[in-house]
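What follows is a single structure, written as structure tokens, with notes after it.
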Amino acid sequence: MADKADLREQMIDAFSGADYPISGPMDLVPALPNGPGTRFESDDFSMTAMELNTKLGGGEFPYESADAFVDDILDQLEAQDHI
């Protein structure tokens, strides 16, 4: 089972460099260390930023902060039993 706190830390590190507020996923790409191929991993969980974008419902844009964005991602991952 994935460690939610570990994933949150990885995602905050990756997404915090974006210029908030963000209005869509493309606003995040320049901030990602490896672009859409940036990978988030914990135990049996592994997804790239691009995979997250395709598997999740798109989110509730705009987001005012990395914390709000990452919290929504983690909630969606839990709801879909990915973590």
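For region 28-43, state whether one or more residues are touching a Lys or Arg at 6+ places or on another chain (Cβ under 7 Å), within 18 Å of Asp81 (Cα to Cα) and surrounded by fewer than 18 Cβ atoms within 10 Å (Cβ to Cβ).
Scanning region 28-43 turns up no residue that is touching a Lys or Arg at 6+ places or on another chain (Cβ under 7 Å), within 18 Å of Asp81 (Cα to Cα) and surrounded by fewer than 18 Cβ atoms within 10 Å (Cβ to Cβ).
Can you name the residue in region 53-74 that is modelled with pLDDT under 95 and either assigned to a helix (DSSP H, G or I) or basic (Lys, Arg) (or both) and is also surrounded by the most Cβ atoms within 10 Å (Cβ to Cβ) among such residues?
Per the stated criteria, the residue is Asn53.
What are the residues in region 15-31 that are of a type in the set (Phe, Trp, Tyr) and assigned to a helix (DSSP H, G or I), if any?
Answer for region 15-31, where residues must be of a type in the set (Phe, Trp, Tyr) and assigned to a helix (DSSP H, G or I): just Phe15.
Quickly run through region 32-52 and pick out the residues that are more than 20 Å from Ala79 (Cα to Cα), in contact with a strand residue (DSSP E or B) (Cβ under 9 Å, 6 or more places away or on another chain) and part of a helix (DSSP H, G or I).
Matches in region 32-52: Pro36, Gly37.
Please work out which residue is farthest from Lys4 (Cα to Cα), limiting yourself to region 24-83 and to residues that are of a type in the set (Val, Ile, Thr) and in contact (Cβ under 8 Å) with a residue 24 or more places away in the chain.
Going through the qualifying residues, I end up with Thr38.
Any residue at all in region 20-37 that is polar (S, T, N, Q) and closer than 17 Å to Glu64 by Cα?
Scanning region 20-37 turns up at least one residue that is polar (S, T, N, Q) and closer than 17 Å to Glu64 by Cα.
Looking at region 5-22, can you tell me whether even one residue there is acidic (Asp, Glu), touching a Ser or Thr at 6+ places or on another chain (Cβ under 7 Å) and touching a residue at least 24 places away in the same chain (Cβ under 8 Å)?
Yes, some residue in region 5-22 is acidic (Asp, Glu), touching a Ser or Thr at 6+ places or on another chain (Cβ under 7 Å) and touching a residue at least 24 places away in the same chain (Cβ under 8 Å).
The values are calculated or read from the model by the stated rules, or taken from the named source; none is laboratory data. Since this is a predicted model, take the numbers as computed values, not measurements. Every residue, glycine as well, gets a Cβ built from its backbone with ideal geometry; the counts of neighbours run over all protein chains shown.
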